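Notes to accompany the following structure.
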Amino acid sequence: MSKKAIAVMCLAAFATQAQAAPVTDWKPISKALDGITTPLGISVLKRMARCEIVPEKQNSWIDNLTVAKPDYGAKAGDTIVMVKLDFPPMPVVGPGKAAPPITGQPGLWVISKGVASPISQWAISLQKRTVPLAHDSWLNC
């Protein structure tokens with residue numbers, strides 16, 4: 001077999017194993033979030049809206065895995081959803097001092113066979129915690 005034929009076969013084998021790039025289109029991301037339920041009986045997406053948590057749509061992604069990603073505890077066939085979250089400012093932190101906004105916080109889930117497992121702390125809170133999400137004066141939703 002020629003070197004060129006071997007190179008073509010190697011490239012073809014590599015291409016079939018390569019992971020597709022994550023999708024940044026908001027529609028499949030929001031659909032995945034709308035399918036994750038919370039103890040309130042509403043979806044994570046609706047809870048985010050209720051809590052005035054704004055997703056950074058341009059910095060969020062979804063990835064349907066064709067190969068395992070052990071760093072996430074995900075197997076081939078699983079879906080990873082990463083949403084960057086912006087939170088409303090906390091209440092006043094001192095006399096005349098406004099709290100800065102909290103931006104770019106990760107919400108990370110692995111969805112395996114239709115079951116969402118929250119990975120990041122905010123994903124755990126959004127999916128698993130009851131009211132309040134944080135405390136009575138901030139994110140009481």
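The values are calculated or read from the model by the stated rules, or taken from the named source; none is laboratory data. Everything quoted here is computed from the prediction, not taken from an experiment. Every residue, glycine among them, receives a Cβ derived from its backbone with ideal geometry; neighbour counts consider all protein chains shown. To get the accessible areas, we keep the full protein, side chains included, count just its heavy atoms, and leave off ligands, DNA and RNA. Shrake-Rupley method; radii C 1.70, N 1.55, O 1.52, S 1.80 Å.
Observations
- Number of positions in segment 112-141 that are open to solvent by less than 30 Å² (accessible area, probe 1.4 Å), among the aliphatic types (A, V, I, L, M) and modelled with pLDDT of 95 or more: 3
- Residue 82 vs. criteria surrounded by 15 or more Cβ atoms within 10 Å (Cβ to Cβ), farther than 19 Å from residue 22 by Cβ and of a type in the set (A, V, I, L, M): no
- Set 52, 56: member being at positive phi and in contact with a strand residue (DSSP E or B) (Cβ under 9 Å, 6 or more places away or on another chain): 52
- Check on residue 94, surrounded by fewer than 18 Cβ atoms within 10 Å (Cβ to Cβ) and free of Cβ contacts under 8 Å to residues at least 24 places away in the same chain: yes
- Residue pairs meeting the criteria (Cβ under 7 Å; at least 6 apart or on separate chains; first of a type in the set (S, T, N, Q), in segment 127-141; second modelled with pLDDT of 90 or more and not in a loop (DSSP other than H, G, I, E, B)): 127/44; 127/116; 127/118
- Matching residues, segment 84-134, being within 16 Å of residue 32 (Cα to Cα), β-branched (Val, Ile, Thr) and out of contact with any Leu (no Cβ under 6 Å at 6 or more places or on another chain): 110, 111, 115, 124
- Matching residues, segment 34-70, being under 22 Å from residue 21 (Cα atoms) and touching a Pro at 6+ places or on another chain (Cβ under 8 Å): 61, 62, 63
- Residue selected from segment 19-31 under the condition part of a loop (DSSP other than H, G, I, E, B) and small (Gly, Ala, Ser), by the criterion surrounded by the fewest Cβ atoms within 10 Å (Cβ to Cβ): 21
- Residues of segment 32-71 classified as open to solvent by 60 Å² or more (accessible area, probe 1.4 Å), touching a helix residue (DSSP H, G or I) at 6+ places or on another chain (Cβ under 9 Å) and either among the acidic types (Asp, Glu) or part of a helix (DSSP H, G or I) (or both), total: 4
- Tally of residues being on the phi < 0 side of the Ramachandran plot, touching a Gly at 6+ places or on another chain (Cβ under 9 Å), of a type outside the set (Ser, Thr, Tyr) and not in a strand (DSSP E or B) across segment 77-120: 1
- Within segment 1-56, being modelled with pLDDT under 95 and of a type in the set (Lys, Arg) holds for 3, 4.
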